[in-house]
Amino acid sequence: MGHHPDRVVLTVDAVITDGECRVLVMERGTDPFRGTWVFPGGLVDPGETVEQACIREVREELGLEVKLTGLIGIYSEPGRDPRGSFVSIAYRAEVVCGIPTVTAEARAHRWLDPDEVVPMGFDHARILADHRAQIRA
C-alpha cells in the first residue's frame, strides 16, 4: 500500500455480523499493526464505488461474499494510520456465502462475542464500539 504523505487516501472497512451480535475479526498479517485484530478492508481503487471496494476487500482477505447492511461511520482522525492520511468508511455487512479462509493478510480469524474486547489495530476498537452502540440503540 505504501506511504501517501501528500494526499488523503480513501479506504473501507467491513464489520461483518453473524445476524446476532457477534462480529468477525481477523489477525492482521502485515504491518502496520501486524498481529492485532482488525476488520477486513483496504484501499478504494479508481473506477469502483466504496461499496464495491468493501465487498472486494472482504473477498480478497477472507474469501467471503458479503452484502452491506448499513453504514457505521466515516473515520478521519489524523494519525489513525501511521502511513499517512487514511480516511475510512466503515460498513456493516453480513455473509452471503463462503467460509473464512486464512490468507497472507489474514493470519487467523474469529467471531467476537458481544462484549468481548481484544487488542485491535488502527482505530478499529472505536469502529467496533460505534457499531455496538448503534445496534443497541
Completion exercise
When C21 is run through (1) modelled with pLDDT of 95 or more; (2) closer than 13 Å to E94 by Cα; (3) surrounded by fewer than 18 Cβ atoms within 10 Å (Cβ to Cβ), the failure sits at (1)
Completion exercise
If we keep only residues of region 103-137 that are under 21 Å from G73 (Cα atoms) and among the basic types (K, R), then the residue surrounded by the most Cβ atoms within 10 Å (Cβ to Cβ) is R132
Problem - Neighbours by Cβ (under 7 Å, 6+ apart or cross-chain): first from region 110-136, of a type in the set (F, W, Y); second part of a loop (DSSP other than H, G, I, E, B) - result: W111/D18; W111/R22; F122/F33; F122/R80; F122/D81
Completion exercise
A careful count of residues in region 118-133 that are assigned to a loop (DSSP other than H, G, I, E, B), hydrophobic (A, V, I, L, M, F, W, C) and under 12 Å from the mean Cα position of the chain (by Cα) gives 1
Completion exercise
When R56 is run through (1) in contact with a Pro (Cβ under 8 Å, 6 or more places away or on another chain); (2) surrounded by 14 or more Cβ atoms within 10 Å (Cβ to Cβ), the failure sits at (1)
Practice task
Test D115 against the criterion of being part of a loop (DSSP other than H, G, I, E, B) and over 14 Å from the mean Cα position of the chain (by Cα), and give yes or no.
Solution key: yes
Handout entry: Condition met for I16 (buried (at least 19 other Cβ atoms within 10 Å of the Cβ), over 20 Å from I135 (Cα atoms) and either at pLDDT 95 or above or touching a strand residue (DSSP E or B) at 6+ places or on another chain (Cβ under 7 Å) (or both))
Key = no
Handout entry: Scan of region 44-73 for residues that are part of a strand (DSSP E or B), touching an Asp or Glu at 6+ places or on another chain (Cβ under 8 Å) and of a type in the set (A, V, I, L, M, F, W, C), ordered by number
Key = V66, L68, I72
Fill in the blank from the handout: Considering region 77-101, residues that are among the charged types (D, E, K, R) and more than 12 Å from the chain's Cα centre (by Cα), and then whichever is farthest from R34 (Cα to Cα), we arrive at E94
Problem - Residue in region 4-15 that is of a type in the set (A, V, I, L, M) and in a loop (DSSP other than H, G, I, E, B) present - result: no
Problem - region 76-102, residues that are surrounded by 13 or more Cβ atoms within 10 Å (Cβ to Cβ) and either at positive phi or touching a helix residue (DSSP H, G or I) at 6+ places or on another chain (Cβ under 6 Å) (or both) - result: G84, I89, A90, Y91, G98, P100
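The values are calculated or read from the model by the stated rules, or taken from the named source; none is laboratory data. None of these values were measured; they are calculated from a predicted model. Counting neighbours? That spans all protein chains shown, and the Cβs are built from the backbone with ideal geometry, glycine included.
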